[in-house]
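Trainee: Starting off with a structure, shown below.
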Amino acid sequence: MSFLHWILFLPPQASTASKWIDQLHYAIITTTMVASTAVALAAVYLFVRYRRRSPDQLSVRVESPPWFEATIITVPLTLFLAWFYVGYVGFVRVRRPPPGAMDVYVMAKQWMWKFSYPEGPNSIGVLRVPARKPVRLLMTSRDVIHSFFVPAFRIKEDLLPGRYTESWFQSDLPGRYELLCAEYCGLQHSLMRGEVEVLEPSEFDRWLASQERGIAERQDMGGPIGPPASDQANLVAEGLRIAGQAGCLECHTVDGSPHIGPTWLGLYHRTELLETGQSVFVDEAYMTKSMMDPMADVVAGFNPVMPTFQGKLTAPETAAIVEYIKSLRSREYQSKPAEGPLYAPIFRTK
Ligand code: CUA
């Protein structure tokens, strides 16, 4: 294994997913290398053994026995199904963040990365996370398509303007890892680099506390120092302020009573019935889509009267509103573990 790791020039295995992905990689590389070597050797042997020995020699007609036919169908089919199974289970595992993961919002723009924590702080270029804890990334772009790629974690996910995409990782190995943009996004694409810094949990808590203290101090001083006020406030408070300004609260209540639109109380992680008869699980992606394209999935019983906020709300503003709606989960909802109906439960990881 370490030989394959070395010969394939792979970066360190710094996340839980990197081990699963590398194992699959090794298995496929080994099988294909062994099989293609066997085919090449057999070809050389058969060329020599059955070469044409005289100008008038004719090929013999070969009838293959049924057991031979059955074998060449069964063996590759079994291998194919086995790989599909391994690949599918692995796919579900790398796509579904475990419940209780820590959320970080990622915003990309030409040509930088910005990370916002629900507790309020944000950082540019460096994503700091605690070791041995799953981290879920909720990602969007302010301009063009970018792609979040951390080779040591074996994760790569596109960030799209006006939409949220999700990824997650858990690193058990404190250290600093390279973050690259893997989608050509303009002249300085190759310089759009960042870093993921995995800290011991105690160190991470200290860092987060120092950031929160910094925010509180800047607010006390009336805000001339540090980033503009919109960056300082807690995302939830910020979301409430923006929702008021943008007019969201004229149609959506936050106390559970129905109005022109569905109430925001307990909306997050609820399953809504749509006009079309389908149902939808309310997550970050659905809420963002509803703000950008409100006619797409109208909840049953409501008129399709919501205007689009595409171009009116920036990505960080949308994230703040989403975070505010999430804070409105009732106790009953909050006590339930986060789970979505995306994949069959038999493949759900713990
Ligand atoms: Cu951002 Cu390439």
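The values are calculated or read from the model by the stated rules, or taken from the named source; none is laboratory data. Note that the structure is predicted; figures quoted are calculated from it, not measured. All Cβ positions, even for glycine, are placed from backbone atoms using ideal geometry, and neighbour counts span all protein chains on display. Calculation scope for accessible area: heavy atoms of the full protein, side chains included, ligands and nucleic acids excluded. Shrake-Rupley method; radii C 1.70, N 1.55, O 1.52, S 1.80 Å.
Trainee: If R₀ is 30 angstrom, what is the calculated FRET efficiency for the pair residue 210 and residue 156, using the beta carbon separation as r and rounding to 0.05? Could the numbers behind the result be given before it?
Mentor: On the way: r = 31 Å, r/R0 = 1.04.
So the FRET efficiency works out to roughly 0.45.
Trainee: Could you tell me what % of all Cα pairs in the chain have separations over 27 Å?
Mentor: On the way: 35702 of 61075 pairs.
The answer is 58 percent, as a whole percent.
Trainee: Mean-square fluctuation check for the chain, GNM, Cα pairs under 10 Å: which of 96, 132, 49 is largest?
Mentor: Result: 49 has the largest fluctuation of those listed.
Trainee: Length gain on complete extension for the stretch residue 77 to residue 6, per 0.36 nm per residue less the alpha carbon to alpha carbon distance? Before the final figure, lay out the partial values.
Mentor: On the way: separation 71, 0.36 × 71 = 25.56 nm, distance 3.11 nm.
Extra length from residue 77 to residue 6 when fully extended: 22.4 nm.
Trainee: Once neighbouring chains are kept in place and the probe is 1.4 Å, which whole percent of the accessible area of the range 102-217 is contributed by carbon and sulfur?
Mentor: Details: 2410 of 4870 Å².
Carbon-and-sulfur percentage of accessible area, whole number: 49.
Trainee: What is the extension gain from residue 32 to residue 249, computed as 0.36 nm multiplied by their sequence separation minus the C-alpha to C-alpha distance, in nm to one decimal?
Mentor: Net length gain for the segment: 72.2 nm.
Trainee: Determine the equivalent ellipsoid of the range 102-217 by diagonalising the alpha-carbon gyration tensor, then write out the semi-axes as square roots of 5 times the eigenvalues, largest first, rounded to whole Å.
Mentor: Details: eigenvalues 106, 52, 31 Å².
So the three semi-axes of the range 102-217 are 23, 16, 12 Å.
Trainee: Fully extended, how many nm does the chain gain between residue 314 and residue 40 (0.36 nm per residue separation, minus their Cα-Cα distance)?
Mentor: Values: separation 274, 0.36 × 274 = 98.64 nm, distance 5.75 nm.
Full extension from residue 314 to residue 40 adds 92.9 nm.
Trainee: Of the candidates 327, 59, 147, which one comes out as most mobile in a Gaussian network treatment of the chain with C-alpha springs shorter than 10 Å?
Mentor: Result for the chain, Cα springs under 10 Å: 59 fluctuates most.
Trainee: In cubic angstrom, how much convex hull volume per residue do the alpha carbon atoms of the range 234-334 span? Display every interim value, and only then the final one.
Mentor: Details: hull volume 9.3 nm³, N = 101.
Taking only Cα atoms, the range 234-334 has a hull volume of 92 Å³ per residue.
Trainee: Within the range 103-208, report the chymotrypsin sites (Phe, Trp or Tyr not before Pro) that DSSP leaves as loop and that have at most 14 other Cβ atoms within 10 Å. Before the final figure, lay out each step's value.
Mentor: Working: sites: 105, 111, 113, 115, 148, 149, 153, 164, 168, 169, 177, 184, 204, 207; in loops: 111, 164, 184.
Filter output for the range 103-208: 184.
Trainee: Under 8 Å for C-alpha pairs, at least 6 residues apart: give me the relative contact order for the range 57-194, rounded to a whole percent.
Mentor: Numbers: 235 pairs, mean separation 29.8, N = 138.
RCO, the range 57-194: 22 percent.
Trainee: Moving on to the next point. When the chain is modelled as a GNM with alpha-carbon springs shorter than 10 Å, which of 278, 170, 57 fluctuates the most?
Mentor: Of the options given, 57 has the highest mean-square fluctuation.
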